[in-house]
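To keep things clear, I will list the structure first and then write my remarks on it.
Each reported figure results from applying straightforward, stated rules to the coordinates on display, with no laboratory input. Everything numeric in this text was worked out from a predicted model, so none of it was measured. Here the Cβ positions follow ideal geometry from the backbone for every residue, glycine too, while neighbour counts run over all protein chains shown.
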Amino acid sequence: MPYQMSLALDLSFSHHQGRWRLPGSWEGRTFPDLRMYTELLLAAERGCLDMVFFGDGSGIPSTYGDSIDAAVEWGIGYPRQDMSPFIAALAQQTQHIGFGLTYSSTFMHPFYVARLLNSLDLVTQGRMAFNVVASSRGADAANYGFDALMDHDARYRRMEEFVTVCQELWRSVDRDAFVWDKETGMVAEPGRIRPIDHAGEFFQVKGPLNSVPSPQQAPVLIQAGGSPRGIRASSTFADVVFGGAFDNADRAKHRAALDEALLVEGRDPSRVGILWDLQLIVGETTDDALRRKQQLADLLPPEAAAAQFANNTGYDFAKLPARFTLTELTAEVIAKQASPMGFRDLVNEHGADTELSREEFFDSLWKVATGYEHTVAGSAAEVADYLEESYEATGSRGGFMVAHPQVTPRDLIDVVGLLVPELQRRGRFRTRYDGTTLRDTLGVPAFA
């Protein structure tokens with residue numbers, strides 16, 4: 001039998017960047033209507049998807065023109081909600097599908113997050129994943145009292161310590177510590193609950209966690225770092241890695257670098273999968289899918305696309321010189337401790353040292369902002385062919401994070417109704433859930 005892949009659904013931007021106004025999208029519902037999320041979750045569970053994933057950010061993008069106006073007007077990374085109460089409600093409507101929740105290790109405190117994830121894992125009966133991020137956006141930093149972004153390496157040191165504290169807290173209460181003995185009156189055995197006495201570079205935490213152990217004891221840990229430093233961090237703790245590369249050569253390079261780092265940490269690379277970021281449109285025919293993909297061309301005006309790219313890279317494109325090279329821009333972004341990853345597509349299109357005008361640059365941004373170049377569009381058989389090829393080329397471990405459906409809920413319905421049955425016919429995807437927790441579904445080892 002061929003190896004079966006994982007499929008997760010990323011709803012982080014289902015209403016952002018103009019998607020909400022495409023024909024049929026959010027019809028009769030306005031974000032953040034819980035009924036729309038219930039509809040999506042029930043469909044995803046019907047298709048046996050592994051989990052639904054929620055990225056997050058706590059600031060309104062303000063890099064472009066040093067103002068939030070463009071983001072507010074065009075819905076660029078805005079609005080957002082804390083999805084933890086939504087997950088608590090959605091868990092009552094579902095039985096098997098997992099939930100991925102994002103919090104920043106750069107701004108949050110590990111005791112609070114460890115306790116919250118413990119509670120959510122109890123409410124969901126063991127279906128939680130924690131996406132640990134090292135934040136690189138100025139708008140978020142400003143809401144937590146930072147005048148500038150934390151140094152790149154310091155962000156990852158803080159992330160690693162943050163996760164260590166969380167794991168120590170989840171271990172601080174033994175699985176069988178609580179006895180609830182009505183005859184003796186004993187609630188829990190004192191010897192099975194211990195302080196952690198953590199004192200590190202960024203955190204001092206006494207512990208222990210004052211909560212009941214959850215079904216998984218610790219949520220599945222997800223991390224998305226694609227830089228060498230990010231890969232090194234993910235190798236130390238991630239159960240699943242979220243991969244941002246789009247072509248098979250870059251994906252294979254990331255996979256090889258992660259495997260090498262995992263071996264250095266004494267971990268088994270076969271037990272850590274990568275979920276590759278993937279926008280896709282599944283049509284009844286090829287022409288239908290390509291027609292819908294072309295709708296992305298008119299989704300955003302240049303100002304809105306520039307506002308999104310500015311938020312992701314930390315560079316104010318309202319202040320671009322008349323002519324420049326991408327090498328020069330990348331150097332400025334790195335100097336601000338922001339992320340230059342978004343420039344990869346532009347470099348591939350224009351070349352790093354090709355001189356561009358402002359107009360040429362802005363003409364290219366819509367493809368980056370909408371993910372047009374990386375959107376896989378075709379019939380169910382064609383998309384399944386692509387997934388199989390990429391899955392095998394990158395080690396047949398993990399799978400795909402189906403990201404940001406253009407039309408909600410139609411694009412998910414097409415994944416569940418057209419693509420999933422095709423993958424099941426090929427033996428590439430499950431036909432039922434086995435086990436009770438998200439760790440069971442993903443094949444992730446138990447927390448020890």
Which of P61, P79, T94 sits farthest toward the positive end of the charge dipole of the range 47-163, with +1 on the Cβ of Lys and Arg and -1 on the Cβ of Asp and Glu? T94
Where a ≥ b ≥ c are the square roots of the eigenvalues of the C-alpha gyration tensor, would you call the range 20-168 rounded, which needs a/c under 1.5, or, failing that, prolate if a/b is larger than b/c, or oblate? oblate
Can you tell me which lysines have their Cα less than 26 Å from the Cα of K367? Leave out same-chain residues fewer than eight positions away. K253, K293, K319, K336
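For the chain, with only Lys/Arg (+1) and Asp/Glu (-1) charged at the beta-carbon, what is the dipole magnitude about the Cα centre, in debye rounded to 20?
So the dipole magnitude of the chain works out to roughly 1000 debye.
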Give me the one-decimal nm value for the distance between modelled label points at Q93 and D33, 7 Å along each residue's Cα-to-Cβ direction. 1.1
Quick check: the distance between the Cα centres of the range 188-227 and the range 397-448, to the nearest angstrom? 29
Provide Rg over Rh for the range 200-357; use the alpha carbon set for both Rg and the Kirkwood Rh (inverse mean inverse pair distance). 1.06
What number, in nm² with one decimal, is the all-direction average of the projected area of the convex hull of the alpha-carbon atoms of the chain? 22.2
Among V383, L356, P409, the residue whose Cα sits farthest towards the positive end of the charge dipole of the range 339-410, when +1 is placed on the Cβ of each Lys and Arg and -1 on the Cβ of each Asp and Glu, is P409
State whether the range 76-159 is rounded, prolate or oblate according to the following rule on the C-alpha gyration tensor (a ≥ b ≥ c being the square roots of its eigenvalues): a/c under 1.5 gives rounded; otherwise a/b larger than b/c gives prolate, and the remaining case gives oblate. prolate
Cα→Cβ-extended label distance, 7 Å offset, between I193 and R229, nm: 3.9
Quick calc, the range 297-448, dipole around Cα centre from Cβ unit charges on Lys, Arg (+) and Asp, Glu (-), nearest 20 debye, gives 740
Fraction of the pair-distance distribution of the range 278-407 above 17 Å, Cα-Cα pairs, percent: 64
Please give the peptides 204-214, 9-19, 297-307, 138-148 ranked by average Cβ packing (other Cβ atoms within 10 Å per residue), highest first, as a rough proxy for protection. 9-19, 297-307, 204-214, 138-148
Which net charge results when you count Lys and Arg as +1 and Asp and Glu as -1 among the other residues whose beta-carbon is under 12 Å from that of A305? -2
